[in-house]
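Please treat every number below as a calculation from the coordinates, not as lab data. The shown structure was predicted, so the numbers you read here are calculated from the model rather than taken from an experiment. Quick reminder, even Gly has a Cβ in these numbers, built from the backbone with ideal geometry, and neighbours come from all protein chains shown.
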Amino acid sequence: MAKTLILYFSVYDSTHHLAEEIARQTGGDLLEIEPLIPYDKNRDHYDALAAYAKKEHDEDQRPAIKNTIDLSGYDTVFIGYPMWWYTFPMIIYTLFDTVNFSGKTVVPFNTHMGSRDGGTYKTVREKARGATAGKRRSGVPRLTYGRSAIADCFAPLHTLAHLTHKYLEENS
Ligand SMILES: Cc1cc2nc3c(=O)[nH]c(=O)nc-3n(C[C@H](O)[C@H](O)[C@H](O)COP(=O)(O)O)c2cc1C
């Protein structure tokens, strides 16, 4: 049977909660992308984090990943992240620079406060080397698109369940 990994990066835990729910509904394993230098999780320090992330973005930095990202044995890899400055956090670029997605079906998902996917799903498809990403006939990319505030509003999870199962039926 196809094995699924839900790989995610999260600072304030919204993406983390969504990843947990996807893992629950798909029976997949969870793996957090842990930064070598942790980000400040205190929401009261949001402005500082915003400035820090902006500098990473503007300097095209590649923040190091602390843990090993081992995709062996997985057929489908969900990749989840928050929107930061209208794109994904720079650590996701580090992921694509260092991890080979050959032979995997990649399914991006995100959380945000208005930017939806900001074009990042397309970038994921381009950057995930070797992946068979972007099967648009499946429901999952549409499911994640614009539904990612899901972590703050659990009602749409019925849609998530439905579309995730549909996706797995089509792809396993
Ligand atoms: C540094 C930073 C930049 C952000 N930039 C955006 C943005 O450009 N567009 C948007 O919709 N939300 C933006 N947000 C909001 C986050 O995407 C949103 O709160 C997300 O759910 C946080 O995910 P997390 O709880 O998993 O860390 C930003 C948040 C932070 C901390």
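In table form, for the structure just shown:
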| read-out | value |
| --- | --- |
| Per-peptide average of other Cβ atoms within 10 Å, ordering 33-43, 98-108 highest first | 98-108, 33-43 |
| Residues whose placed amide H lies under 5 Å from that of Leu31, excluding near-sequence neighbours | Ile6, Leu7, Tyr8 |
| Which listed pairs, of Lys41/Lys66; Lys104/Lys127; Lys55/Lys122, have C-alpha distances above 20 Å, in listed order | Lys55/Lys122 |
| Shape category assigned to the range 48-111 from the gyration tensor of Cα positions, a/c cut at 1.5 | prolate |
| Peptide ranges 115-125, 4-14 listed from the most packed, as the mean C-beta count within 10 angstrom indicates | 4-14, 115-125 |
| Most to least packed among 87-95, 48-56, 75-83, 22-30 [average Cβ atoms within 10 Å] | 75-83, 87-95, 22-30, 48-56 |
